[in-house]
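Single-structure report; data block below.
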Amino acid sequence: MDSTKSQSQNDGKTGAPSSTPDLLFSELQTAVRSYLPNQDLSPLEKAYKFGANRHGPQLRVSGEPYITHPLNVAIILTRFKVDLASITAAILHDVVEDTETPLTEIEQLFGKQVADLVDGMTKIGKIEFRSNQERLAENFRKMLFAMAKDVRVILIKLADRLHNMRTIEALPPPKRRRIAQETLDIYAPLASRLGIYGIKSELEDLCLRQMKSDVYKELKAKIAVKKTQRMASIEEVKEKLETELKKYSFQNAIVYGRPKHFFSIYKKMVERHLAFEDVHDLFAFRIIVGTVKDCYEALGVVHAMWKPMPGRFKDYIAMPKANLYQSLHTTVIRPNGEPAEIQIRTHEMHETCESGIAAHWSYKDKGSGSNAPADPKAQNPDLKKFAWLRQMMEWQTELKDPEEFLEAVKVDLFDDEIFIFTPKGDVIGLPHGATALDFAFNVHSAIGLTTVGAKVNGRIVPIKKKLKSGDIVEILTSPGQKPSKDWLNFVTSARAKNKIRSYLRTQQRDKSRKMGRSLMEQACEARGFDLDKLLKQGHGEAMAKIAKESGLDDMFASIGYGKQDAKEILGKIFPEKESKPDQEGSAVSIAQPAISKTGPSEGILVSGIENVLVNFGRCCNPLPGEDIQGFITRGRGVTVHRASCPRALDLDPQRRVMVQWTGALSGENPPKGTHHAYIRVITRDRPGVLADVTLAIAACGANIQRANIQVSSDLLGVLDFELTLNGLAQLQAIFRKVESLQDIVSVERRISGRQQNGRVI
Ligand code: MN
């Protein structure tokens, strides 16, 4: 039954003469009795009496006795056929917050389960939502935490919000707008994510009415007009579908034609910049049949009747949404040229669509709650069904930074999903644009951190390969693999991003701390001190204090990052005597041009001084425009490495100096091809693909010094090139050009061309 529609689009409901508490209560009893015929419903009566007593003469802004609100909330909840404890808690949900009643009293009278649910509601009630992003994320997290403990709390909360939105007219306009905005930001998406489309649509329409009342009124009027104009047409479609389905002897097939929700029409108009007149599919049709097999057969019948619109068919039966929504969606073009959207599903799927998570939530094995284990996952076995819910629970423990959390929620919670299969056939939902690496992190973070590649549908692909729905993915790992910063450039799921970030942070901090410590040792040595001794003598605290860091480790890290200077800190504790000759310990003095290993010395600025002999690291071949670092090499001046060069990590950090590109080489007018770069292009096997790639490279003005072609075991072409070019910008242009060619699987830059074998052309 499509109950929500009549409520949301019938203004009569909200303004209807209010029921008395007693009438509402008997309505509630009847509703509960209908699906719990054999249970003792006396706790409900007890809760009603207790609640009515505690709220006493309290009135709602509308002037009704307060108890009418919790009773209405309980009635909405019966839609989900929830257990008695939930209904009882719904009746009592505002008692602790709004009256002086202590929670212990609820527990004594109604048991621990009901008390816990009421407590959850009270806690959510205390959360104050602000439009400020940070607050929003923080609060969202708290709410999810409450939910993770017991999803029934969220069901009650949604029912609570729905009733408040239905009766919002009693409030002053600014307050209405604030509540409507919050509902749109938090509760409607949450209901959607939980698969409770009935509540989601009604909430959205109620919000639209508050936020854009003119739009709402206009839509309402126009739809009313179109509705009468088109009643015949809807009936015609409906009848045609019914007759045709009967012809193929479908049992119990039911066809509905219904106007779409205002909010979804409004969204379409905004998103596609359409005028109302240009929105054609104002009505949607739904076919409910007996079995899954019938769904596909009915689809066949529909597509035989009318031409399907390309790209609009979606099979959510084979691949349910994460919230378990299932249905076939198609849009067909009718003979008059107008599209009609048709959803096909079974009765069971239809129920799930209306109640979402609630339709699957099992209350039976919850027990009395007396010996509930501490682990919420163990407590709620059904969480397994809701991968995203589990993710949420992980995030909210992992993500300390509210902004990261909000980013995570935005990306993963509301974006379109793709569905990927494990080799065992499990389905994993990932955000649109997810790569093989995202998948790996989704399987397990330990797997993600050591991923070297993947097999997608049996073929080996690089980790940055974008996945498509239906791909079967197997991850290849190697214990020696370590995450790098550029991984962050192509993963899309929040989970992978966070794991990589946190790995890099730990690594980076560790490195910086060590480097900072040895820089300090060096500074001490230069002044004739011994760092260990100074620390033993208790100078460590003073050092940290001068550096304005909370401890020695923080100070070392900060020196290592280059934020602080070891010499300066030391100098503040032990001021230097002018007489002592300072050997200026760093770069330039060592860099006597002894052996003239020639390199382009101009173009690099070393620690602010020019004319130092400069070499470029052969290991990483930095290009003008890239982030770089320099290392003093005895007798050879300064060797410049990429900032990210892994070899440079093995070099003595004390020899590190600041370097930067200068003049012509920094960007605009670099001299021609003096720098080397190595790239690897993976292609599908096609005649002419090599020529395409080399032409593309040449077109960008680079020289190919060497090329090395191999065919991998899975018949991919592996093309390695050594190029001379003049800077990063040129390399980037090559990347763009080559990536845009046909049959290119990937293009990547390699650290060096050393590990080359095979045929050289
Ligand atoms: Mn309430």
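The values are calculated or read from the model by the stated rules, or taken from the named source; none is laboratory data. Here the structure is a predicted model, which means the values were calculated and not measured. Virtual Cβ from ideal backbone geometry, glycine too; neighbours counted across all protein chains shown. All accessible areas refer to the heavy atoms of the entire protein, side chains included, with ligands and DNA or RNA removed. Shrake-Rupley method; radii C 1.70, N 1.55, O 1.52, S 1.80 Å.
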Conditions: (1) within 16 Å of the ligand (Cβ to nearest atom); (2) crowded, with 24+ Cβ neighbours inside 10 Å. Leu171 meets all but one. Number of the miss? (2)
Those residues of segment 717-732 which are of a type outside the set (Phe, Trp, Tyr) and crowded, with 18+ Cβ neighbours inside 10 Å amount to Gly717, Leu719, Asp720, Glu722, Leu723, Leu725, Asn726, Gly727, Leu728, Gln730, Leu731
Return yes when Ala544 is assigned to a helix (DSSP H, G or I) and outside the structural domain of Pro646 (by TED's automatic domain parsing) and no when it is not. yes
Residue that is nearest to the ligand (Cβ to nearest atom), among those in segment 58-79 that are among the polar types (S, T, N, Q) and part of a helix (DSSP H, G or I): Asn72
Is it the case that Gln654 is part of a strand (DSSP E or B) and at pLDDT below 85? no
Among strands (runs of 3 or more DSSP E) entirely within segment 247-343, at least 1 residues that are closer than 20 Å to Leu208 by Cα occur in 254-259, 283-289
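Of the residues Leu103, Leu28, only one is modelled with pLDDT under 95 and hydrophobic (A, V, I, L, M, F, W, C); which? Don't jump to the end; show me each part of the working.
Details: Leu28 fails: modelled with pLDDT under 95.
Testing whether each residue is modelled with pLDDT under 95 and hydrophobic (A, V, I, L, M, F, W, C) leaves just Leu103.
Report, by residue number, each residue of segment 45-57 that is surrounded by fewer than 22 Cβ atoms within 10 Å (Cβ to Cβ), in a helix (DSSP H, G or I) and touching a Ser or Thr at 6+ places or on another chain (Cβ under 9 Å).
Taking segment 45-57 first, the residues surrounded by fewer than 22 Cβ atoms within 10 Å (Cβ to Cβ) are 45-46, 49-50, 52-54, 56-57.
When the remaining residues are screened for being in a helix (DSSP H, G or I), the result is 45-46, 49-50, 52-54.
Once the filter is applied, which keeps residues that are surrounded by fewer than 22 Cβ atoms within 10 Å (Cβ to Cβ), in a helix (DSSP H, G or I) and touching a Ser or Thr at 6+ places or on another chain (Cβ under 9 Å), segment 45-57 yields Lys46, Phe50, Arg54.
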Can you find a residue that is more than 18 Å from Asn164 (Cβ to Cβ), modelled with pLDDT under 85 and away from the ligand (no atom under 13 Å from the Cβ) anywhere in segment 109-117? no
All but one of (1) assigned by TED's automatic domain parsing to the domain that holds Lys268; (2) within 16 Å of the ligand (Cβ to nearest atom) hold for Lys246; state the number of the condition that does not hold. (2)
Of (1) assigned to a loop (DSSP other than H, G, I, E, B); (2) open to solvent by less than 10 Å² (accessible area, probe 1.4 Å), Gly701 satisfies every one except (2)
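Could you please find all residues in segment 657-669 being open to solvent by 20 Å² or more (accessible area, probe 1.4 Å) and at pLDDT below 75?
Of segment 657-669, the ones open to solvent by 20 Å² or more (accessible area, probe 1.4 Å) are 658, 660-664, 666-669.
Across segment 657-669, the qualifying residues are Thr662, Gly663, Ala664, Ser666, Gly667, Glu668, Asn669.
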Restricting attention to segment 291-319, and to residues there that are closer than 17 Å to Gly429 by Cα and without any contact (Cβ under 8 Å) to a residue 24 or more places away in the chain, which single residue is most open to solvent (accessible area, probe 1.4 Å)? Lys314
With criteria (1) within 14 Å of the ligand (Cβ to nearest atom); (2) polar (S, T, N, Q); (3) surrounded by 23 or more Cβ atoms within 10 Å (Cβ to Cβ), Thr99 comes up short on (3)
Would you check which residues across segment 727-742 are within 20 Å of Leu716 (Cβ to Cβ) and either outside the structural domain of Arg686 (by TED's automatic domain parsing) or assigned to a loop (DSSP other than H, G, I, E, B) (or both) and list them? Ser740, Leu741, Gln742
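Among the residues of segment 174-190 satisfying the criterion of being open to solvent by less than 10 Å² (accessible area, probe 1.4 Å) and within 16 Å of the ligand (Cβ to nearest atom), which is farthest from the chain's Cα centre (by Cα)? First the steps, then the outcome.
Of segment 174-190, the ones open to solvent by less than 10 Å² (accessible area, probe 1.4 Å) are 180, 183, 186-188, 190.
Next cut, within 16 Å of the ligand (Cβ to nearest atom) only: 183, 186-187.
Values: Thr183: 20, Ile186: 15, Tyr187: 18 Å.
In this case the residue turns out to be Thr183.
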Starting from residues that are open to solvent by 10 Å² or more (accessible area, probe 1.4 Å) and within 33 Å of the chain's Cα centre (by Cα), keep the ones in segment 81-96 and report whichever is farthest from the ligand (Cβ to nearest atom). Lys81
Could you check, for segment 122-143, whether at least one of its residues is within 16 Å of the ligand (Cβ to nearest atom), modelled with pLDDT of 85 or more and over 14 Å from Ala47 (Cβ atoms)? no
One residue is enough: does segment 673-684 have a residue meeting the conditions modelled with pLDDT under 75 and in contact with a strand residue (DSSP E or B) (Cβ under 9 Å, 6 or more places away or on another chain)? yes
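Listed here are the residues, each with its yes/no results for (1) touching a strand residue (DSSP E or B) at 6+ places or on another chain (Cβ under 8 Å); (2) modelled with pLDDT under 90; (3) of a type outside the set (Gly, Ala, Ser).
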| site | (1), (2), (3) |
| --- | --- |
| Arg286 | yes, no, yes |
| Pro310 | no, yes, yes |
| Lys314 | yes, yes, yes |
| Tyr325 | no, yes, yes |
| Leu328 | yes, no, yes |
Result of the Cβ filter at 8 Å on segment 162-185, keeping first residues that are outside any helix (DSSP H, G or I) and partners that are open to solvent by less than 70 Å² (accessible area, probe 1.4 Å) and more than 14 Å from the ligand (Cβ to nearest atom), at least 6 apart or interchain, is Thr167/Thr14
